[in-house]
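The values are calculated or read from the model by the stated rules, or taken from the named source; none is laboratory data. Remember, predicted model here, so these are calculated numbers, not experimental data. Glycine gets a Cβ as well: all are built from the backbone with ideal geometry, and neighbour counts include every protein chain shown.
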Amino acid sequence: MTGNLIEQARAGDSEAFRALTEPHRRELEVHCYRMLGSLQDAEDMVQNTLLAAWRALDGFEERASIRTWLYRIATNQCLGALRSARRKRPATEVSIAENDLPEPTHYGDVVWLEPIPDHLLDFADTSVLGPEAAYEQREAISLAFVTALQLLPARQRAVLLLRDVLGYRTAEVSEMFCATAASVNSALKRARETVGARNRDRESPEPNSSSEQALVADFVRAYQAGDVAALVRLLTADVRVSMPPIPLEYHGLDAVAGFYAQVFRRRRYTLVATRANGQPAFGAYLTTGADPVRHAAGLLVLDLSGQRICGLTRFDNDVMPRFGLPRTLEV
């Protein structure tokens, strides 16, 4: 069946090419998202990948599967983008005084990061993963993992994803990169060390489990009430707050408590539940006096550890349409 489609596509049949490639589009998009940290860039890379594959189909020797061939093209498209002079989304400068914020404890390095809606992850079919896959798929799409990837050199990033997330063997990755097995293994070792040092093992509740729902319900009550003490009781001692593309970050319980004390002093929010990166998330809407209209104030994503929240990442309003969230709410 696949052989017939390849021959038809080589003869110029675009529908046959679509039948060959469409089953892999969503997973390629997630792979490119992991590589680049941006869903918009990932969509562009998938389009570039399919165009390159269409043009190169005559040269496809069928030594590997269509899926592996497409991953090779997509990975190299991403590497090319990362090598280019074009920079990711720039940091947004914010006046601490004008926005009534405390001094940050840190400044973020990955200001271009974007979240991915959970509905784009529904394709997941673990049966196609190779035996070398080391990461659970839920862990491999978390914001913490995607952030750590962005701090790796591009080649190390690609090798880690192909080997430990997708489960390709060293020999297959070597062929994709036209590199030696020794260089692939060296890059993988360095990448594992860097990512492992940044991401400690955390046991988070199963998505939509009763334990996750209970923690999320407590968070919503505290956040909407502007109750800093109740919110702090839900946080780990090493909790982090980040706000890409704003570089300001707050690390540690005291700093985060001070941050929310300032935020809630003048602001109240209504939260609308969604999910991003396999994690609980909320559209936040600012409540202003007696005005029945609530205005969008960003997307908030929670990182959970046990029965506590270890991270809160707030994204700008421009990501909200991808989650089906409106610009305003009437309550």
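Side notes on the structure shown:
- Single match in 236, 287 (criterion: over 28 Å from residue 198 (Cα atoms) and either touching a Cys at 6+ places or on another chain (Cβ under 7 Å) or polar (S, T, N, Q) (or both)): 287
- When the range 86-114 is limited to residues that are of a type in the set (A, V, I, L, M, F, W, C) and over 19 Å from residue 319 (Cβ atoms), the one that is modelled with the lowest pLDDT turns out to be 97.
- Boolean, residue 92 is surrounded by fewer than 17 Cβ atoms within 10 Å (Cβ to Cβ), among the hydroxyl-bearing types (Ser, Thr, Tyr) and within 20 Å of the chain's Cα centre (by Cα): yes
- Applying the set (1) crowded, with 18+ Cβ neighbours inside 10 Å; (2) closer than 30 Å to residue 318 by Cβ; (3) not charged (D, E, K, R) to residue 159 leaves exactly one unmet item: (2).
- In the range 36-72, the residues that are among the polar types (S, T, N, Q) and under 25 Å from the mean Cα position of the chain (by Cα): 38, 40, 47, 48, 49, 68
- Per-region count, the range 287-300, residues within 25 Å of the chain's Cα centre (by Cα) and among the aliphatic types (A, V, I, L, M): 4
- Per the conditions (1) out of contact with any Gly (no Cβ under 7 Å at 6 or more places or on another chain); (2) surrounded by 15 or more Cβ atoms within 10 Å (Cβ to Cβ); (3) under 30 Å from residue 155 (Cβ atoms); (4) among the aliphatic types (A, V, I, L, M), the sole criterion not satisfied by residue 228 is (3).
- Among the residues of the range 164-174, those identified as surrounded by 18 or more Cβ atoms within 10 Å (Cβ to Cβ) and either out of contact with any Lys or Arg (no Cβ under 8 Å at 6 or more places or on another chain) or among the small types (Gly, Ala, Ser) (or both) are 166, 168, 172, 174.
- Pairs meeting the criteria (first residue in the range 206-225 and among the hydroxyl-bearing types (Ser, Thr, Tyr), second residue part of a helix (DSSP H, G or I), beta carbons under 7 Å, at least 6 apart or on different chains) are 223/231.
- Residue check for residue 127: modelled with pLDDT under 95 and assigned to a helix (DSSP H, G or I): yes
- In the range 207-220, residue surrounded by the fewest Cβ atoms within 10 Å (Cβ to Cβ) [restricted to those that are assigned to a helix (DSSP H, G or I) and either in contact with a strand residue (DSSP E or B) (Cβ under 8 Å, 6 or more places away or on another chain) or of a type in the set (A, V, I, L, M) (or both)]: 217
- Number of residues in the range 172-182 that are hydrophobic (A, V, I, L, M, F, W, C), assigned to a helix (DSSP H, G or I) and either in contact with a strand residue (DSSP E or B) (Cβ under 6 Å, 6 or more places away or on another chain) or over 11 Å from residue 132 (Cβ atoms) (or both) equals 4.
- Residue 188 more than 20 Å from the chain's Cα centre (by Cα), closer than 29 Å to residue 297 by Cβ and part of a helix (DSSP H, G or I): no
- Here is the figure for the range 175-206: residues that are over 30 Å from residue 68 (Cα atoms) and surrounded by 11 or more Cβ atoms within 10 Å (Cβ to Cβ) total 3.
- Condition met for residue 239 (crowded, with 16+ Cβ neighbours inside 10 Å, in a helix (DSSP H, G or I), modelled with pLDDT of 95 or more and under 22 Å from the mean Cα position of the chain (by Cα)): no
- Qualifying positions in the range 288-316 - β-branched (Val, Ile, Thr) and surrounded by fewer than 20 Cβ atoms within 10 Å (Cβ to Cβ): 288, 293
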